[in-house]
Amino acid sequence: AVARTANLIFIVLDVLKPLGHKKIIEKELEGFGIRLNKTPPNIIFKKKDKGGVNMQTMVPQSELDLELVKTILAEYRIHNADIVLRCDATSDEFIDVVEGNRTYIPCIYLLNKIDQISIEELDIICKIPHCVPISAHHKWNYDSLLEKMWDYLKLVRIYTKPKGQLPDYEAPVVLQTDRCTVEDFCNKIHRTIVKELKYALVWGSSVKHQPQRVGKEHVLEDEDVVQIVKKV
């Protein structure tokens, strides 16, 4: 229940036997409706009162057809529905959509005790997707873990710069990648700022010139520096 509300899941595995433990934990989480490192399938499913089962396929299907879809829906006593398949979906993915209670959460596998294996073994282990090798005892590779965590949470750090002062690199304003315009930045600090905004000066990878004057719609990128200029 706690895992279902998480934004990111860490699974700590013993690097000496990672795959066996990985499968056991994944199966346990799957049973609770948690899908790790997956995106919701692009399927539109709507129940209706009458008209039978209508299915549209936007891409060729390698597994699902109308008869199989009807069989699956019959298990849920659903006999009237509109379905649009916008991806090559599997039966399990279609069942997830019908159930409607699945949670899709990013996950990082922490392969601990790397101080007990060779460099050659470490190279092989690192090929496991979504993994970060660490040593909790020696505190090895924590920087890579922090970087990956930041990336999987889809967060960006925006630094403030008061006029005539150096940027404040100690306390960044943290935004999500899908909501990181100058307006979002202003609202994160205080709701009234955007009403007083004349323009913003931005230093960083989101602009061509250093600094560059931008409006509230400008999309910021990680580690940009922003100075707000208010209306007089």
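The values are calculated or read from the model by the stated rules, or taken from the named source; none is laboratory data. Remember, predicted model here, so these are calculated numbers, not experimental data. Heads up, the Cβs are rebuilt from the backbone with ideal geometry, glycines too, and the neighbour counts pull from every protein chain shown. Surface areas here come from the heavy atoms of the whole protein model, side chains and all, with no ligands, DNA or RNA. Shrake-Rupley method; radii C 1.70, N 1.55, O 1.52, S 1.80 Å.
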Cα gyration tensor of the chain, axes a ≥ b ≥ c as square roots of the eigenvalues: rounded (a/c below 1.5), prolate (a/b > b/c) or oblate? oblate
Based on Cβ point charges of +1 for Lys and Arg and -1 for Asp and Glu, what charge dipole magnitude is obtained for the chain about its Cα centre, in debye rounded to the nearest 20? 1160
Give me the one-decimal nm value for the distance between modelled label points at Thr192 and Asp14, 7 Å along each residue's Cα-to-Cβ direction. 5.9
Between the residues Thr57, Pro40, Ile24, the Cα farthest towards the positive end of the dipole of the range 1-62, that dipole coming from +1 and -1 charges on the beta-carbon of Lys, Arg, Asp and Glu, is from Thr57
Cross-link reach from Lys48 to aspartates and glutamates, straight Cα distance under 18 Å and at least 8 residues apart if same chain, gives Glu75, Asp82, Glu99
Ignoring ligands and nucleic acids, Leu66 exposes an accessible area, probe 1.4 Å, in Å² to the nearest 10, of 70
Among the lysines, which have Cα under 21 Å from the Cα of Lys23 when same-chain residues fewer than 8 positions away are ignored? Lys38, Lys113, Lys127
I need the shape label for the range 1-118. Rule: rounded when a/c is under 1.5, else prolate if a/b > b/c, else oblate, with a, b, c from the alpha carbon gyration tensor. prolate
Mind putting a number on the dipole of the range 19-96 about its Cα centre? Charges go on the C-beta only, +1 for Lys and Arg and -1 for Asp and Glu, and I need it in Debye to the nearest 20. 240
In a GNM of the chain with a 10 Å cut-off on Cα contacts, which of Thr39, Thr177, Thr71 has the highest mean-square fluctuation? Thr71
To the nearest 500 deg cm²/dmol, what mean residue ellipticity at 222 nm is calculated for the chain from DSSP H runs of n ≥ 4 alone, each contributing -39,500 (n - 2.57), summed and divided by the residues? -7500 deg cm²/dmol
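What is the gain in length, in nm to one decimal, between Arg4 and Tyr142 on full extension, counting 0.36 nm per residue of separation less the C-alpha to C-alpha distance?
Extending this stretch completely gives an extra 47.1 nm.
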Averaged per residue, what accessible area in Å² does the range 73-232 show with a 1.4 Å probe, protein chains only? 61
Please list, or write none, the aspartates and glutamates whose alpha carbon is within less than 14 Å of the alpha carbon of Lys216, excluding same-chain residues fewer than 8 places away. Glu183, Asp184, Glu196
Quick one: pull the percent of accessible area on the chain belonging to carbon and sulfur, 1.4 Å probe, ligands and nucleic acids left out. 52
